[in-house]
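J.: I am attaching a structure below and will ask some questions about it afterwards.
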Amino acid sequence: MAIRVNGTEVDPPEDARVSLLDLLRERLQLTGTKVGCNQGACGACTVLLDGNRVLSCLTLAVQADGREVTTIEGLADGDGLHPLQAAFIEHDGFQCGYCTPGQICAASAMLREVTEGVPSYVTADLAEEHITLSREEIRERMSGNLCRCGAHNGIIDAILQVATEKAA
Amino acid sequence: MSKVQNAVVGSVRTVLGWVPSQWLPGGTPDPLIARRAAVGRQASRLDGPLKVAGKARFAAEVAVERLTYATLVHSPVARGRITHLDTSAAESAPGVNLVLTYRNMPRIESPALISLSDFSAVGNSALPILQDAEIRYNGQVVALVVAETQEQADHAASLLVIGYAPTKPTTRFQDAQAEARTPESLLVERNHVSVGRAERELARAAHRVDNHYRTPWQNHSAIELHALTVIWDGEDSLTVHDATQMIAPSAVVLAKLFGLKKDQVRVLSPFVGGGFGGKGLWDHQIVAIAAARLLGRPLRLMLTREGVYRIIGGRSPTEQRVAIGADGDGRFTALIHSGHSVMPTYGACPEPFTLGSRALYRAGSFEMLQHHVDLDVVPNTFMRAPGEAIGSFALESAVDELAHEMGIDPIDLRLRNEPERHPISGAPFSQHARRQAFTDGAKRFGWERRQREPGARREGEWRLGLGCATGSFPYARMPGASARITLRRDGAAVVACSAQEMGMGTATVQTQHAADRLGLPVSAVVFKLGDSALPAAPMAGGSSQTASVAGAIIAAAAKLTGELVRLAGNDSPIAGLRAGEVHLVDGGVGAIGDAARHEEYRSILARAGREEITVTATGSPPLEMLKYAMHSTSAIFCELRVSDATGEIRVDRLLGSFDCGTILNPQTAASQFKGGMIMGLGLALTEETLFDERSGRIMNPSLADYHIPVHLDVPEIEVMWTGIPDPRSPLGARGIGEIGITGVAAAVANAVFNATGRRVRELPITLDKLL
């Protein structure tokens, strides 16, 4: 078995204690995935596992065996920027840039969750198939990703722009 | 801080009062204020593409061969001695290279404490670092375990057996208040200010308020954990990739501690994942560097989130008294601000919560005095807008209380007491337009919708309220900032100094600045930072970095101008002109006031047979700070809802109107302002570091339990500014990093009062205080 990381197969670690986060950062030098708490509280380590957002600090690397991991380094097609990455720059959706990869990975999965009709705490009608992505919906759905510089407005603006362009 | 210091600062100010303005830096306004091109223009961050792609390299992300990993072990008791220490199980655990305790830690001094008279002193604590068996606070580092992998180090750390003989610590603020010390000065200011007889004026005032306010411990909580990667090349060459907001000073201090020459230490920190005052020099760097030297291997130490709370001090709690007396027209006759904050005897950072109150209002009399409470805790340090962030909560709540008492609009009351000069020193303001900031902000916010009577607006279970407050944060430009300019024959320039980038947009804004200063397009300028091998910039703190670095670039550009005039010689259109008669414009040197006399850099350098010119210079002494009253000021407006059922507060709108001189880049500046304001929301509503008063242990050392604002807590925030240049500062700019948070807590508290009629004088304003 193997873990596919951004399309490349890598061996699972022999030490079963290794988190997916540490596999990425320390063994594969994919340091775009950040570590802010190692406790699942900040969202900085968010990556995509088979397309779903997970906290890589709370995921053992061996749990990713046979599955597809996408990190910030593998989000865009080719060498360009993913639309979310470009929108974050345009709307100044970061300052220090440390929570940014996690915010962007979480946002990309979050947009898919919305198209699949997954409701949130602020969704008025839980049975509704087509969810309208309001600012409040995005704010609620992104609240697991902390930012201390206070780039919240820019982050929501950037995500809303990409969501609107996708819908158009 | 001593009486001598008060006397020296006082004398310098007195002398500067007599010196004509034009003799001083800023005596004549920076010419770029009038002819800026890139400065003031919106520009996206130059490092944006790196940051969004995850390619910006932070301190723990430097790839090194033969790297080892380390874990710290913290004391679970606050005072006492280590009586039993068994490291054998840890040492024989798989992969372990070293267990460092006080027994085998090399003997080493503690770094000199942060001081405003020695800018290379950056220590936060005078306590010994892993030097003996004594325990001084709960969380103190007692061991470092190094292994081949992080997992091995973490496991081995759990195998250490340490026995303690605890003694009774002092950990209750109220218990230690009776023994509080009274320092002579707070930073560079005299502590005790007494003008007139304030207590007497208060007693006989027509209107008065007199209350106590409390603010809790807080932590910076930058998302990037403190981390460093240490590489020794032999015994006498040290490279440290550190997460630090004090690159050059750290290199100087580390050289001294480890017995090296200055050029044998290099500190690199090109990107810092948030600082806010917390990313300084603490015990973990010293212990990690010592361990790497003993081991002869590169070493990485990243603190755990819990570890950050345990050994990196935060903002001190305070208990403050603010009393204001006013005459029948609302003019202040007495302003009293006093109280207590924590500063252990081994700490370095006072929490100067009365400083802001000295600059904001005119009053007939003043009385201000702070006391330091000594506790057995991790030493507190500076956190975004130290003093002002929480001092303004007390003062601006009190002003709102007085306005309510008198039945006057709180903005009106503030403007009736607007000073013409600095209220204490009498120094003239360099530029001061708070009145305009208030008026413009109130108009944009719709302040007229505020109901004077508290609790008058209701929507279902929600009570609605509006509040406002003001803040003031001093301008600072640090002495000794240096920069290097390399001008190449192809007309491109590289500007370099060891400045810090923690999200402020340092490189972006200084590239814009250097482009204008040198008369080049932004695309022809590269700004290098983040490396102690570059000319030394001061630490990033006190909202001073932009002005400090700008001052250094001004000095370097002046030197470059002299070099270019000399090189141009007699065959140039500028021949015969002196340096003072030319400026750098349109990619070359031109006569001031005569566009026809101009020669491009490439032409000057080509004729002189030079590929490039390099100059390094240090900024002028920042005497403008001492001659003028220079402050960034704010007017903050808040609209919120309070639930009758749960006491929950929801902030619907927040607007900041600022007077901070020239705004250098509207996009990055807006982000700085908003970032400060959002931290202010945390200060007002959610943030509190909880100490168990029996054990002195922090009980919420995680981001799950220390609540910083999350997306759903943050409304769309509006920011605006007067943009009036300050004629006394480089580029006309004053600091913007800390004014954003200043005043926010009071604006929120005042809005809560307007919504509910409840006056909460203790932060954070949690649900329980409203039920």
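The values are calculated or read from the model by the stated rules, or taken from the named source; none is laboratory data. Owing to the predicted nature of the structure, the values given are computational and were not obtained by experimental measurement. Every residue, glycine as well, gets a Cβ built from its backbone with ideal geometry; the counts of neighbours run over all protein chains shown. Note: accessible area is taken over every heavy atom of the protein model, side chains too, but ligands, DNA and RNA are not part of it. Shrake-Rupley method; radii C 1.70, N 1.55, O 1.52, S 1.80 Å.
J.: Need the failing condition index for B:Glu501 against (1) open to solvent by less than 10 Å² (accessible area, probe 1.4 Å); (2) more than 27 Å from B:Val272 (Cα to Cα); (3) among the acidic types (Asp, Glu), just the number.
T.: (2)
So that you can scan it fast, the table gives a plain yes or no per residue for (1) under 24 Å from A:Cys96 (Cβ atoms); (2) crowded, with 19+ Cβ neighbours inside 10 Å:
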position: B:Ala255; (1), (2): no, yes
position: B:Lys261; (1), (2): no, no
position: B:Gly273; (1), (2): yes, yes
position: B:Gly278; (1), (2): yes, yes
position: B:His284; (1), (2): yes, yes
position: B:Ala288; (1), (2): yes, yes
position: B:Thr318; (1), (2): no, yes
position: B:Asp329; (1), (2): no, no
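Residue-wise test of (1) under 25 Å from the mean Cα position of the chain (by Cα); (2) among the acidic types (Asp, Glu); (3) farther than 20 Å from B:Phe58 by Cβ.
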| site | (1), (2), (3) |
| --- | --- |
| B:Ile231 | no, no, no |
| B:Ala248 | yes, no, no |
| B:Ala251 | yes, no, no |
| B:Leu260 | no, no, yes |
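J.: Considering only the stretch B:279-332, state which residues are among the acidic types (Asp, Glu) and farther than 20 Å from B:Leu238 by Cα.
T.: B:Glu306, B:Glu319, B:Asp327, B:Asp329
J.: Can I ask one more? Taking the stretch A:141-154, which residues are within 7 Å of chain B (Cβ to nearest Cβ) and outside any loop (DSSP other than H, G, I, E, B)?
T.: Matches in the stretch A:141-154: A:His152, A:Asn153, A:Gly154.
J.: Same structure, new question: How do the pairs read when you match residues in the stretch A:39-63 that are within 13 Å of another protein chain (Cβ to nearest Cβ) with residues anywhere that are of a type in the set (Lys, Arg) and open to solvent by 30 Å² or more (accessible area, probe 1.4 Å), using Cβ under 6 Å and keeping only pairs 6 or more apart or on different chains?
T.: A:Thr46/A:Arg53
J.: Can I ask one more? Could you list all residues from the stretch B:657-692 that are within 14 Å of chain A (Cβ to nearest Cβ) and in contact with an Asp or Glu (Cβ under 6 Å, 6 or more places away or on another chain)?
T.: Correct list: B:Gln667, B:Ser671.
J.: Right, next: Kindly indicate the residue of the stretch B:22-57 that is open to solvent by less than 30 Å² (accessible area, probe 1.4 Å) and over 25 Å from B:Ala514 (Cβ atoms) and also nearest to the other protein chains (Cβ to nearest Cβ) among those meeting that condition.
T.: B:Gly54
J.: Go through A:Ile159, A:Ile138, A:Ile89, A:Ile131 for me and flag whichever is at the interface with chain B (Cβ under 7 Å from one of its Cβ atoms), open to solvent by less than 40 Å² (accessible area, probe 1.4 Å) and either within 17 Å of A:Gly32 (Cβ to Cβ) or not basic (Lys, Arg) (or both).
T.: A:Ile89
J.: Got a sec? Which helices (runs of 4 or more DSSP H) wholly within the stretch B:150-250 have at least 2 residues that are crowded, with 20+ Cβ neighbours inside 10 Å and touching a helix residue (DSSP H, G or I) at 6+ places or on another chain (Cβ under 8 Å)?
T.: It comes to B:150-157.
J.: Within the stretch B:679-701, identify whether any single residue is touching a residue at least 60 places away in the same chain (Cβ under 8 Å), β-branched (Val, Ile, Thr) and either crowded, with 24+ Cβ neighbours inside 10 Å or farther than 23 Å from B:Trp217 by Cβ (or both), and answer yes or no.
T.: Within the stretch B:679-701, not a single residue is touching a residue at least 60 places away in the same chain (Cβ under 8 Å), β-branched (Val, Ile, Thr) and either crowded, with 24+ Cβ neighbours inside 10 Å or farther than 23 Å from B:Trp217 by Cβ (or both).
J.: From B:Asp283, B:Asp236, B:Asp263, grab the single residue that is out of contact with any Ser or Thr (no Cβ under 6 Å at 6 or more places or on another chain), among the acidic types (Asp, Glu) and under 23 Å from B:Leu690 (Cβ atoms).
T.: B:Asp283
J.: Kindly provide the set of residues from the stretch B:703-730 that are within 14 Å of another protein chain (Cβ to nearest Cβ) and surrounded by fewer than 19 Cβ atoms within 10 Å (Cβ to Cβ), ordered by number.
T.: B:Ala704, B:Asp705, B:His707, B:Leu712, B:Glu716 - these are the residues of the stretch B:703-730 that are within 14 Å of another protein chain (Cβ to nearest Cβ) and surrounded by fewer than 19 Cβ atoms within 10 Å (Cβ to Cβ).
J.: Contact list please: Cβ distance under 6 Å, first residue in the stretch B:739-758 and farther than 15 Å from B:Gln451 by Cα, second residue aromatic (Phe, Trp, Tyr) and at pLDDT 95 or above, pairs at least six apart or on different chains.
T.: Listed pairs, sorted by first residue: B:Ile739/B:Phe473; B:Gly740/B:Phe673; B:Thr742/B:Phe473; B:Ala745/B:Phe393; B:Ala746/B:Phe393.
J.: What strands (runs of 3 or more DSSP E), lying completely within the stretch B:305-421, carry at least 1 residues that are of a type in the set (Ser, Thr, Tyr) and either in contact (Cβ under 8 Å) with a residue 24 or more places away in the chain or within 27 Å of B:Ser544 (Cα to Cα) (or both)?
T.: Counting at least 1 such residues, we get B:318-326, B:332-342.
J.: Out of B:Gln451, B:Gln436, I need the residue that is surrounded by fewer than 23 Cβ atoms within 10 Å (Cβ to Cβ), in contact with a Ser or Thr (Cβ under 6 Å, 6 or more places away or on another chain) and over 22 Å from B:Val195 (Cβ atoms). Which one?
T.: Of B:Gln451, B:Gln436, the one residue that is surrounded by fewer than 23 Cβ atoms within 10 Å (Cβ to Cβ), in contact with a Ser or Thr (Cβ under 6 Å, 6 or more places away or on another chain) and over 22 Å from B:Val195 (Cβ atoms) is B:Gln436.
J.: Next question. Identify all residues within the stretch A:92-104 that are more than 8 Å from every other protein chain (Cβ to nearest Cβ) and either free of Cβ contacts under 8 Å to residues at least 60 places away in the same chain or in contact with a Phe, Trp or Tyr (Cβ under 8 Å, 6 or more places away or on another chain) (or both); write none if there are none.
T.: Hit for the stretch A:92-104 is A:Gln103, nothing else.
Here is a yes/no grid of residues against (1) free of Cβ contacts under 8 Å to residues at least 12 places away in the same chain; (2) away from chain A (no Cβ under 14 Å); (3) in a loop (DSSP other than H, G, I, E, B); (4) open to solvent by less than 10 Å² (accessible area, probe 1.4 Å):
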residue	(1), (2), (3), (4)
B:Gln431	no, yes, yes, no
B:Lys443	yes, yes, no, no
B:Arg458	yes, yes, no, no
B:Ser472	no, yes, no, yes
B:Ile485	no, yes, no, yes
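J.: Where residues in the stretch B:409-446 are under 26 Å from the mean Cα position of the chain (by Cα) and among the hydroxyl-bearing types (Ser, Thr, Tyr), which of them is farthest from B:Gly17 (Cα to Cα)?
T.: Out of the qualifying residues, it is B:Ser430.
J.: If you check B:Ser620 against the conditions, is it outside any helix (DSSP H, G or I) and buried (at least 24 other Cβ atoms within 10 Å of the Cβ)?
T.: So B:Ser620 does not fit the description; no.
J.: Which of the residues that make up the stretch B:731-767 are surrounded by fewer than 24 Cβ atoms within 10 Å (Cβ to Cβ) and out of contact with any Leu (no Cβ under 9 Å at 6 or more places or on another chain)?
T.: Hits for the stretch B:731-767 are B:Phe753, B:Gly757, B:Arg759, B:Arg761, B:Glu762, B:Leu767.
J.: Is it the case that some residue within the stretch B:66-86 is surrounded by fewer than 22 Cβ atoms within 10 Å (Cβ to Cβ), within 30 Å of B:Leu626 (Cβ to Cβ) and not hydrophobic (A, V, I, L, M, F, W, C)?
T.: no
J.: In the list B:Ala198, B:Ala227, which residue meets the criterion of being within 14 Å of chain A (Cβ to nearest Cβ) and touching a strand residue (DSSP E or B) at 6+ places or on another chain (Cβ under 6 Å)?
T.: Residue meeting the stated conditions: B:Ala227.
J.: For the stretch A:124-150, name all the residues that are hydroxyl-bearing (Ser, Thr, Tyr) and either farther than 18 Å from B:Arg650 by Cα or not assigned by TED's automatic domain parsing to the domain that holds A:Phe94 (or both).
T.: A:Thr132 - this is the single residue of the stretch A:124-150 that is hydroxyl-bearing (Ser, Thr, Tyr) and either farther than 18 Å from B:Arg650 by Cα or not assigned by TED's automatic domain parsing to the domain that holds A:Phe94 (or both).
J.: Would you pick out the residues in the stretch A:64-81 that are open to solvent by 40 Å² or more (accessible area, probe 1.4 Å) and within 9 Å of chain B (Cβ to nearest Cβ)?
T.: Within the stretch A:64-81, A:Glu73, A:Leu81 meet the criteria.
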